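Q: Take this structure first; my questions come after.
The values are calculated or read from the model by the stated rules, or taken from the named source; none is laboratory data. Every value quoted in this text rests on a predicted model; they were computed, and no experiment measured them. Here the Cβ is made from the backbone with ideal geometry for all residues, glycine too, and neighbour counts use every protein chain on show.
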Amino acid sequence: MSELLPQPEKRRRIPPRVREAVALICKGRARTITAAAKKVGLSREYLSRALGEPHIAEHLRQRAARAVAILSGHAAARITELINKSRSDHVAFEASKFSLGVAGIRPQPEAQLNVNIDIKAGFVIDLTEDRPMKLVAVGNAAVGGGEPAALPGAPATE
């Protein structure tokens, strides 16, 4: 008996103008889908729909990752330039701090003090059917002894 091997998935074709629009977006020559569509002669709706297709979205991700990888060397050189040649001490400090943070060197976070005070204030409406409805203010144990206090003008409770 022969086993059926899974057929490799066919590579779906990306239309040339969509490919060009993706290149414009990744190179920063078009900031929006509308601008990219206009530059390559497509409608915004068509390009938006095309970018939603899985094979085209994957192409866009690959192009963007390639662009970021290429520019990372330039970004590192710029950070080094800011650290070494900046006229502003503040800019040099921030660039140094960023560079150290990327390297995993960070200052210890300062101790945090959390204060949790349990204060209950407000009103409670008793809606049980066996007793008449009453409105009571809820007091704090430290202030009102923890017992509900009757509101002025409210009927007395049993």
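Q: Scanning the stretch 25-45 for residues that are crowded, with 17+ Cβ neighbours inside 10 Å and among the aliphatic types (A, V, I, L, M), which turns out nearest to ARG66 (Cα to Cα)?
A: Start the filter on the stretch 25-45 by keeping residues that are crowded, with 17+ Cβ neighbours inside 10 Å, which leaves 25-26, 30, 33, 36-37, 40, 42.
Those still in the list that are among the aliphatic types (A, V, I, L, M) too: 25, 30, 33, 36-37, 40, 42.
On the way: ILE25: 13, ALA30: 17, ILE33: 20, ALA36: 19, ALA37: 22, VAL40: 22, LEU42: 25 Å.
That would be ILE25.
Q: While we're on this one: If you check GLU9 against the conditions, is it surrounded by fewer than 14 Cβ atoms within 10 Å (Cβ to Cβ) and either part of a helix (DSSP H, G or I) or in contact with a helix residue (DSSP H, G or I) (Cβ under 9 Å, 6 or more places away or on another chain) (or both)?
A: So GLU9 fails the test.
Q: If only one of ARG106, ARG78, ARG49, ARG63 is assigned to a loop (DSSP other than H, G, I, E, B) and of a type in the set (Lys, Arg), which one is it?
A: Result of the check over ARG106, ARG78, ARG49, ARG63: ARG106.
Q: In the stretch 26-46, what residues are in contact (Cβ under 8 Å) with a residue 24 or more places away in the chain, farther than 26 Å from LYS10 by Cα and part of a helix (DSSP H, G or I)? If you could, list the steps in order and put the result at the bottom.
A: Start the filter on the stretch 26-46 by keeping residues that are in contact (Cβ under 8 Å) with a residue 24 or more places away in the chain, which leaves 26-27, 41-42.
Next, from what is left, pick out any that are farther than 26 Å from LYS10 by Cα: 27, 41.
Listed by number, the list holds a single entry, LYS27.
Q: If you don't mind, there's one more thing I want to ask. Go through the stretch 12-24 and give me each residue that's in a helix (DSSP H, G or I) and either surrounded by 14 or more Cβ atoms within 10 Å (Cβ to Cβ) or among the small types (Gly, Ala, Ser) (or both). It would help to see each step written out before you state the result.
A: Of the stretch 12-24, the ones in a helix (DSSP H, G or I) are 16-24.
Correct list: ARG17, VAL18, ARG19, GLU20, ALA21, VAL22, ALA23, LEU24.
Q: From HIS74, HIS90, which residue is under 30 Å from ALA23 (Cα atoms), surrounded by fewer than 10 Cβ atoms within 10 Å (Cβ to Cβ) and modelled with pLDDT of 85 or more?
A: From the options HIS74, HIS90, the qualifying one is HIS74.
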